[in-house]
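J.: Below: one structure in structure tokens.
Laboratory data are not the source of any read-out in this text; all were calculated from the coordinates shown. Treat the numbers as computed from the prediction; the structure is a model and nothing was measured. Cβ placement follows ideal geometry from the backbone for every residue including glycine, while neighbour counts extend to all protein chains displayed.
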Amino acid sequence: MDTTTDRYLTELGQQLRVDSVRASSNAGSGHATSSMSAADLMAVLLARYLRYDFDWPDHPGNDHLIFSKGHASPLLYACYKAAGAITDEELLSFRTLGSRLEGHPTPRLPWVDVATGSLGQGLPVGTGIALAGRRLDEQPYRVWVLCGDSEMAEGSVWEAFEHAGYEGLSNLTALVDVNRLGQRGPTRHGWDLDAYAARAAGFGWHVIEVDGHDVAAIDAAYAEALGVQDRPTVILARTRKGRGVSAVEDREGMHGKPVPDAEEAVAELGGPRDLRVEVERPAAATAPRRAHGTQARLPRYERGDEVATRTAYGRALAALGADRTDVVALDGEVADSTRSEYFAKEHPDRFFECYIAEQEMVATAVGMQARGWTPFVSTFAAFLTRAHDFLRMASISRAGLALAGSHAGVSIGQDGPSQMGLEDLAMFRSLHGSTVLYPCDANQTARLVAEMADAAGIRYLRTTRSDSPVIYAADERFPIGGSKLLRSSPEDVLTVVAAGVTVHEALAAAEELAGEGIRVRVLDLYSVKPVDAAALREAAEATGCLLTVEDHRPEGGLGDAVLDAFTDGQPVPRLLRLGVTSMPGSASGSEQLREAGIDAAAIATAARRYAAARTR
């Protein structure tokens, strides 16, 4: 069959529908109807416009195809089969144990950049990839994102529309499959393409409305999108869910289900085909150089200096940027507070202002890391909670991200609870494969920034607003998973386990208690995940009791991290916990620590009570 004809494209679309039906019916689950509506859009893209080398997924010139409507994975896998990337046998392994073809796409498949399935994330991530292509890679690849109309209700989608429009990302094309039906019933705007068009145009996008089952019109729309040089393009395609099978086409209640009768559906679609698409490969491209290892000249501070850890973070990040050309920084319009402004001033070409759009900021970073960059994302710790789902999906994507949350805990002072990160440690600890770090002084912070650059997965550094004394030498090492024993004696009655701002409170309490003849050990547990289980067990054996103190809610924070060291079935030591259990108001930093019961006086009181009870 002549692959240049509309008939070929129509037949290819039918093949994609048939294979979507076969895969989902064989699995007994999956989104057949959502795949069938977009089949013609994908047929034209695959056969005529996508530039991709399936034998070389890391080709620097490859286009990027993201299924933001990740539930339409049968369609994506049908495309891979048509391109010769997978066999029919593997297609029919869909949703079975051990298969790479999961219910929603993940990077277990080498052609998948990021995991999707939590709606509203594909376009934000695609914006990050397109931005990397424009400002970092300087490569001519294009980013194609298939969106569903249901997810157009997500605010993160419109954060992406605004970001991409503002940046003029003409290398980004969004394909919106407007099939009218969501999971429960009709979508908010149904087939009102003009409603979507007005919004997209308002954000500076070029808008094309098209019949999503007319392959000639789709072909013309893609050609028009390629010709737009000053802005991104959105193609709003009016389609019918379950297209081609009368039992399910445009019918409610069929979402997320195989067709009722697969044999009948395949027959109605014209039977199986075995068309093979020779996807055009990209032009030759030079892979960008990537730095490996860190030899940055990190800032150094003298013991006794008063320096905020957020300041040390910013200066260390700038130093890292001078050494590592792969490092990029993103901030949510608070760079003067997070101190990422130091990086912005020294490396403006690798700094990205994402404004007050934390979901889009994290998604942009996920897109950039998919292109091999090493992003550092900075904002207030409290505001990263807005992006928790994006971080959760980033971990499923096996993404490598470094994040810094400043203004953590009650110690920030008068701004009050809306600005206080009191749940961030729990949030980041809950992410699969994450690293969570909480430094207490400037030299420790600088070293941990360097450690983060070469670590894997989601890495989080918690920084503090106020100045604190430098207690470590500049050459001290702080490996991830470690801790530092700051004070100990053979007479210690308990171990105070602290991190960040409470380390200084613990040291002050230990000094006060020593004057009363009560000896306590102080352990700086700067690596909250992975936790230094060996050091904690040694401290427990030596003193019999661990007192954790944290500027964080008790749930999921430092105390729970310590508990993780004692889940091997061995005897658990006595545990005492101090954390923020009340609702803070506005007060100075020292007043906040006192009111929360996590200052030196509170630590000393808890130790005295334990010591008194121990001697009875």
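J.: Give me, ordered by chain and number, the residues 5 or more places off Phe352 or on other chains with an amide H under 5 Å from its own placed amide H.
T.: Counting only residues 5 or more places away or on other chains, the set is Ala329, Leu330, Asp331.
J.: With the dipole of segment 484-615 worked out from charges on the C-beta (+1 for Lys and Arg, -1 for Asp and Glu) around the Cα centre, which of Gln570, Gly556, Val580 lies farthest toward the positive end?
T.: The Cα lying farthest towards the positive end belongs to Gln570.
J.: Which whole-angstrom value gives the distance between the alpha carbon centres of segment 65-91 and segment 307-333?
T.: So the separation of the two Cα centres works out to 40 Å.
J.: With the Cα gyration tensor of segment 286-358 giving a ≥ b ≥ c as the square roots of its eigenvalues, does the rule (a/c under 1.5 for rounded; else a/b larger than b/c for prolate; else oblate) give rounded, prolate or oblate?
T.: oblate
J.: Using only the Cα atoms of segment 484-615, build the gyration tensor, take square roots of its eigenvalues as a ≥ b ≥ c, and label the shape rounded, prolate or oblate: rounded if a/c is under 1.5, else prolate if a/b is larger than b/c, else oblate.
T.: The shape class here is oblate.
J.: Suppose the chain between Glu595 and Glu541 were pulled fully straight at 0.36 nm per residue; how much longer would it get relative to their current alpha carbon spacing? Spell out each step's value before the answer.
T.: Details: separation 54, 0.36 × 54 = 19.44 nm, distance 3.21 nm.
Taking 0.36 nm per residue and subtracting the Cα distance, the gain is 16.2 nm.
J.: Right, another one. Long-range amide H contacts for Ser406: which residues qualify at under 5 Å (H placed 1.01 Å from N, peptide plane, sequence gap of 5 or more or a different chain)?
T.: Here the answer is Thr379, Phe380, Ala381, Thr463, since their amide H atoms fall under 5 Å of that of Ser406.
J.: Picking from Pro282, Trp373, Trp191, whose Cα lies most toward the positive end of the charge dipole for the chain (charges on Cβ: Lys, Arg +1; Asp, Glu -1)?
T.: Trp373
J.: Could you work out the relative contact order of segment 306-469, using alpha carbon pairs under 8 angstrom and six or more residues apart, expressed as a whole percent?
T.: 29
J.: Taking a cut-off of 25 Å between Cα atoms, list the lysines near Lys529, but don't count ones fewer than 8 places away on the same chain.
T.: Answer for Lys529, where 25 Å is the Cα cut-off: Lys484, listed by chain and number.
J.: What does the net charge come to around Ala456 if you take all other residues with beta carbon closer than 14 Å to its beta carbon, with K and R at +1 and D and E at -1?
T.: Around Ala456, the surrounding residues sum to +1.
J.: Specify whether the C-alpha gyration tensor of segment 443-509 places it in the rounded, prolate or oblate class, a ≥ b ≥ c being the square roots of the eigenvalues: rounded for a/c under 1.5, otherwise prolate if a/b is larger than b/c and oblate if not.
T.: The shape class here is prolate.
J.: While we're looking at this one, here's another question. Assign unit charges at the C-beta atoms only (+1 for Lys and Arg, -1 for Asp and Glu), then state the dipole size of segment 484-615 relative to its Cα centre in Debye, rounded to the nearest 20.
T.: 260
J.: Cross-link partners among lysines for Lys81, C-alpha distance below 25 Å, same-chain residues fewer than 8 apart left out?
T.: Cα-Cα hits under 25 Å: Lys69, Lys241, Lys257.
J.: Give me the base-10 log of I(q)/I(0) for the chain at each q in 0.07 Å⁻¹, Debye formula, one uniform scatterer per Cα, rounded to two decimals.
T.: Relative scattering, expressed as log10 I(q)/I(0), comes to -0.50.
J.: Report, as a whole number in µm² per second, the diffusion coefficient that Stokes-Einstein gives for segment 306-469 at 25 °C and 0.890 mPa s using the Kirkwood radius over alpha carbon pairs.
T.: The estimated diffusion coefficient comes to 162 µm²/s.
J.: How much mean residue ellipticity at 222 nm does the chain get from its helices, if each DSSP H run of length 4 or more adds -39500 (n - 2.57) and you divide by all residues, to the nearest 500 deg cm²/dmol? Provide the component values of the computation, followed by the final result.
T.: Numbers: 22 runs with 223 residues, N = 616.
Computed ellipticity for the chain at 222 nm equals -10500 deg cm²/dmol.
J.: Count the net charge of all other residues whose Cβ sits under 13 Å from the Cβ of Pro105, scoring Lys and Arg as +1 and Asp and Glu as -1.
T.: Once positives and negatives cancel, what remains is +3.
J.: How high is the relative contact order of segment 6-268? Use alpha-carbon pairs under 8 Å, at least six apart in sequence, and give a whole percent.
T.: 24 percent.
J.: R0 = 30 Å: FRET efficiency of Ser586 with Asp389, Cβ-based, nearest 0.05?
T.: 0.50
J.: Give me the percent of DSSP beta bridges within the chain that run antiparallel, rounded to the nearest 5.
T.: That works out to approximately 15 percent antiparallel.
J.: Output ³J(HN,Hα) for segment 203-220: one whole-Hz value per residue in order, computed from phi by the Karplus curve 6.51 cos²θ - 1.76 cosθ + 1.60 with θ = phi - 60°, and x for Gly and Pro.
T.: Per-residue couplings from phi come out as 9, x, 8, 7, 10, 10, 9, 8, 6, x, 10, 9, 5, 5, 5, 5, 4, 5 Hz.
J.: Something else now. Tally Lys and Arg at +1 and Asp and Glu at -1 over the other residues with C-beta under 11 Å from the C-beta of Ala539: what net charge comes out?
T.: Net of charged neighbours comes to -2.
J.: Just to confirm my numbers, what's the Cα centroid distance between segment 137-158 and segment 566-616 in Å?
T.: 48
J.: Do any GluC sites (Glu not before Pro) in segment 532-600 lie in a loop, going by DSSP, with at most 15 other beta-carbon atoms within 10 Å of their beta carbon, and if so which?
T.: Those satisfying the criteria are Glu555.
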